[in-house]
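I have placed the structure first, in the form of structure tokens, so that the comments after it can refer back to it.
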Amino acid sequence: MKRITRCLLAIAMVASPISSLAAWGDSVTLLAVADTGLYKHSAEDRDNFGKDQWIEIDPLAQHALVRWDVASLPHGAKVIAARIELSGFISDEKVRHVVQGFLVTHDWVEGHGVNIGHYPWSGLPRDGASWDTFDGFDAHPYDTWRTPGGDCDPQPVATGETRPGQKSYLDAHDGRLVLDATALVRSWVEAGRPNYGVLLTCVDSRFKFQTRECAQRSPRLIVEYAVP
Ligand SMILES: [Ca+2]
């Protein structure tokens with residue numbers, strides 16, 4: 001008898017509106033269209049690293065900006081789930097790396113700066129976002145963030161962490177660092193917030209990941225959605 005009840009319940013769920021949404025669900029994988037690191041102490045906080053192949057993040061002085069173009073999602077799409085995937089490097093496998101993402105509230109420019117391995121950094125193109133400015137200090141010295149290190153909402157809308165035992169180098173084979181970004185993407189797609197990308201920080205350690213300049217390991221955004 002219980003078995004029959006369960007069967008009837010299952011049939012009822014399939015016929016429900018929620019299940020029909022899921023049945024029409026689709027997914028899209030987006031590669032980053034812009035990314036850069038924001039580093040405090042980088043030649044008075046103004047150097048840009050928009051063309052670097054790596055970004056390092058930590059809680060105090062290193063942030064990342066990453067943006068994807070979500071315009072390919074159909075008008076009226078409902079976001080079922082979304083996740084960010086990062087190919088990265090763990091400096092200490094015993095440390096749990098927790099990464100948080102915040103909704104960016106001001107537009108920014110990726111720029112063409114590259115870390116040439118000298119410290120303190122200097123002589124780099126300053127034509128894109130830095131710790132201090134959102135569109136390049138050389139051309140627009142007064143276009144500073146309201147909050148140095150990037151303007152964003154105070155509450156995180158994406159969170160992820162490394163798994164215990166995950167190898168130091170995260171790629172397509174060893175897995176990636178995955179952030180649940182459902183709330184973030186809903187903010188853009190359903191709540192109408194402007195898409196200026198996400199600001200990433202590492203909560204209590206350092207985490208380094210590869211940028212879109214490394215095409216095979218570009219930050220990815222996977223969105224599962226339904227069109228009612
Ligand atoms: Ca970049």
In Hz, Karplus ³J(HN,Hα) per residue of segment 128-134 (6.51, -1.76, 1.60; θ = phi - 60°; x = Gly, Pro): x, 4, 9, 4, 9, 10, 9
Residue-count net charge about Pro125 - beta-carbon cut-off 10 Å; Lys, Arg +1, Asp, Glu -1: -1
Proximal lysine pairs, the chain, alpha carbons under 17 Å, eight or more residues apart or interchain: 5
Sorted by Cβ neighbour density within 10 Å, fewest at the top, the residues Arg126, Arg206: Arg206, Arg126
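Please sort 142-148, 163-169, 104-110, 198-204 by packing, taking for each peptide the average over its residues of neighbouring beta carbons within 10 angstrom, highest first.
On the way: 142-148: 13.6, 163-169: 11.9, 104-110: 20.1, 198-204: 21.9.
Top of the packing list down: 198-204, 104-110, 142-148, 163-169.
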Estimated vicinal HN-Hα couplings, Hz - segment 190-203 in sequence order (Karplus 6.51, -1.76, 1.60; Gly, Pro = x): 10, 9, x, 6, x, 8, 9, x, 10, 9, 10, 9, 9, 5
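Under 10 Å from the Cβ of Asn195, count the other residues' Cβ atoms, weight Lys and Arg +1, Asp and Glu -1, and hand me the total. Could the numbers behind the result be given before it?
Numbers: positive: Arg67, Arg193; negative: Asp69, Asp107.
For residues surrounding Asn195, the net value is 0.
Ala64: net charge of surrounding residues, Cβ under 9 Å, Lys/Arg +1, Asp/Glu -1, itself excluded? Show your work: numbers first, answer last.
Working: positive: none; negative: Asp35, Glu56.
Neighbourhood net charge equals -2.
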Amide proton proximity set for Glu161, modelled H, under 5 Å, gap of 5+: Val99, Val178
Principal-axis tilt of helix 2-15 within the chain, Cα atoms, nearest 10 degrees: 60 degrees
Diffusion coefficient, µm² s⁻¹, Stokes-Einstein with Kirkwood Rh over alpha-carbon pairs of the chain at 4 °C and 1.567 mPa s: 69 µm²/s
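May I ask you to sort Leu179, Leu73 by Cβ crowding, counting other Cβ atoms within 10 Å and putting the fewest first?
Values: Leu179 26, Leu73 19.
Starting with the residue having the fewest Cβ neighbours, the order is Leu73, Leu179.
Rule-based calculations on the coordinates, nothing more; no lab input. All figures in this text were calculated on a predicted structure; none of them were measured in a lab. We place every Cβ from the backbone using ideal geometry, glycine too, and count neighbours over all the protein chains shown.
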